[in-house]
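Comments concern the structure below.
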Amino acid sequence: MQEFVEFTLGGVSDGVIYAAIGLSLVLIWRATRVLNYAQGGLAMFTSYIALMVINATGNYWLGFVVALAAGLVIGGVVERVVIRPAAGKPHLNTVIVTIGLLILVEGLAGIIYGSKNRSFPTPYSIVGAKIGSFDLGEGASPSAIFTAVAVLAAAGLLAVLFRYTPVGLRMRASAFSGTVAQLMGVRVGRITTLGWALAGLIGALAGMLVTPQTFLYPNSMDSIFVLGFTAAVIGGLDSPGGAIVGGLILGVLLNYVTGYVGSNLPELAGLALLILVLMFRPSGLFASTATRQV
Amino acid sequence: MPASSLAVTDVVAGYNSTPVLNGVSITARPATITAVLGANGAGKTTLLRTISGFVRTRGGQVRLDDVSLTRLAPDHIARAGVAHVPEGQGVITELTVEENLKLGLLLRRRADRAAALEDAYRKFSILADRRRRHAATLSGGERQMLVIARALLSAPRVLLLDEPSLGLAPKVVAQVMDLVRQLRDESGLTVLLVEQNARSALSIADQGVVLNLGKVVATAAAGELAADVALRRHYLGF
């Protein structure tokens, strides 16, 4: 029983991180129908920026805020400088552009910061909580709880933004029909930039939350990106809520597989889950559209 | 708001290197309905898309009263007071009826939005009953009402309507035409109405313009066009 609780809580803790990456991918997909392969790389880069600030000031929270701000700015700049020129051209162009951006960002990080693994601080303890002699594991540590709260709060704020504010309505209208949005006076270009900026912020948040577990190096977010992408596809690339649920399902599943079957199998299990979802629910579990261009 | 006039003067526009409009001139006078008629491929839809900025002009001018709209972006033109209801309706099916309507309100002052929305629900009671539903669940006629209501919520000075009767049952077409007539008579709106159904359009219009292969071949009072048997048979098919 203790193992089950430990694996479940650990899965939830990992899952919210996959969810955060998935959420950032969903934000961009909804706004521009682009899958940003560089999302993980950008999160890695903002984590480096945070680490520099933390090392220089000794203040974790200053680094945290700077990372989120950097994610916001970098996301917006990437849209304006890299993505917009490829808009309206064949879909493959954008795919290649984002892959090229990933290579560029990882290369830059290697040049600027070197390729060695760097440890990354956590704001709270990673020691798991106990109820009497019942050990809940690292999934119930203060750090894990902070991770879950941070991601769920971000998702909640985004949900409120989308559902209840004029900006959110502009973003949704631009995503579903840029032409109609323009007819209603919406500056679709600005809204698209905002979508990428917010995605950059969420990606930076994911980077800050996951990096303490993985060390920081130029490729440190690659595998996390794949799992975040899987979470987004499971939930349906159109659905922010779906990305959260997809991330949680994936996190818990991978922890069960690691704990009960073998530590070398979780990636395989993740891919198996992805294939199953694509076979039986190709639009994902929560997608609003029935078809997707592959 | 005083009624506005829309003047299209010697406009040349098209897609890629192919001009679709070749020196088109049309003036929609304040608080009137101008029907733009012609066969498929005449350039009617391109004309509206050019006015609303989706097709770039290569020559000529588009003016709303004293303001030039030529080469402005579509969102600028919308903010200047031109509401375009595109062919195929332009409902965002993923949003609810109310969310679609709220898009129209984005151009209004925040303080006016709630009252304007309630006013729209009074005028379009069918939409009030369906406000929480997704727009995808609406019938063709209801969708047409929705896009017209949404356009009106932006408080436009000129309304561009592209084939509002497309795919609708005759009874619903009559309702839509009645609505357009009311907009002119009660709200003083200037309407540019593109229609394949020339008979319906001329029945409510003040003036008609006939396009053929991107050129204006006739401009006259709607009654005169309807009475011109040769022109009707040659260009309008009735």
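The values are calculated or read from the model by the stated rules, or taken from the named source; none is laboratory data. Nothing here was measured: the structure is a model prediction, and the numbers come from that model. Virtual Cβ from ideal backbone geometry, glycine too; neighbours counted across all protein chains shown.
Numbers for the structure displayed
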{"read-out": "The stretch A:85-100, subset of a type outside the set (A, V, I, L, M) and surrounded by 15 or more Cβ atoms within 10 Å (Cβ to Cβ), residue modelled with the lowest pLDDT", "value": "A:T94"}
{"read-out": "Residues of the stretch A:102-124 that turn out to be surrounded by 13 or more Cβ atoms within 10 Å (Cβ to Cβ) and assigned to a loop (DSSP other than H, G, I, E, B), as a count", "value": "5"}
{"read-out": "Residues of the stretch B:144-170 that turn out to be touching a helix residue (DSSP H, G or I) at 6+ places or on another chain (Cβ under 8 Å) and without any contact (Cβ under 8 Å) to a residue 40 or more places away in the chain, as a count", "value": "5"}
{"read-out": "Elements of type helices (runs of 4 or more DSSP H) in the stretch B:120-238, at least 2 residues being over 30 Å from A:A173 (Cα atoms)", "value": "B:170-187, B:198-204, B:222-227"}
{"read-out": "Cross-chain or 6+ apart pairs with Cβ under 6 Å, the stretch B:86-103 first and more than 7 Å from every other protein chain (Cβ to nearest Cβ) and in contact (Cβ under 8 Å) with a residue 24 or more places away in the chain, then crowded, with 22+ Cβ neighbours inside 10 Å and among the aromatic types (F, W, Y)", "value": "none"}
{"read-out": "The listed residue being within 21 Å of B:G214 (Cβ to Cβ), of a type in the set (S, T, Y) and in contact with a strand residue (DSSP E or B) (Cβ under 8 Å, 6 or more places away or on another chain), out of B:T57, B:T18, B:T93, B:T32", "value": "B:T57"}
{"read-out": "In the stretch B:60-84, residue farthest from the other protein chains (Cβ to nearest Cβ) [restricted to those that are crowded, with 23+ Cβ neighbours inside 10 Å and of a type in the set (G, A, S)]", "value": "B:A83"}
{"read-out": "Flag for A:G178 being within 14 Å of chain B (Cβ to nearest Cβ), more than 24 Å from the chain's Cα centre (by Cα), farther than 30 Å from A:P212 by Cα and of a type in the set (G, A, S)", "value": "yes"}
{"read-out": "Within the stretch B:184-200, considering residues that are over 21 Å from B:T46 (Cα atoms) and among the charged types (D, E, K, R), the one nearest to the chain's Cα centre (by Cα)", "value": "B:R184"}
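Yes/no matrix, rows are residues, columns are (1) modelled with pLDDT under 90; (2) more than 22 Å from the chain's Cα centre (by Cα); (3) buried (at least 20 other Cβ atoms within 10 Å of the Cβ):
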| residue | (1), (2), (3) |
| --- | --- |
| A:L161 | no, no, no |
| A:R170 | no, yes, yes |
| A:A173 | no, yes, yes |
| A:G185 | no, yes, yes |
| A:G189 | no, yes, no |
| A:G195 | no, no, yes |
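A quick yes/no check of all residues on (1) more than 14 Å from chain B (Cβ to nearest Cβ); (2) not hydrophobic (A, V, I, L, M, F, W, C):
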{"position": "A:I111", "(1), (2)": "yes, no"}
{"position": "A:V127", "(1), (2)": "yes, no"}
{"position": "A:D135", "(1), (2)": "yes, yes"}
{"position": "A:L158", "(1), (2)": "yes, no"}
{"position": "A:R170", "(1), (2)": "no, yes"}
{"position": "A:R187", "(1), (2)": "no, yes"}
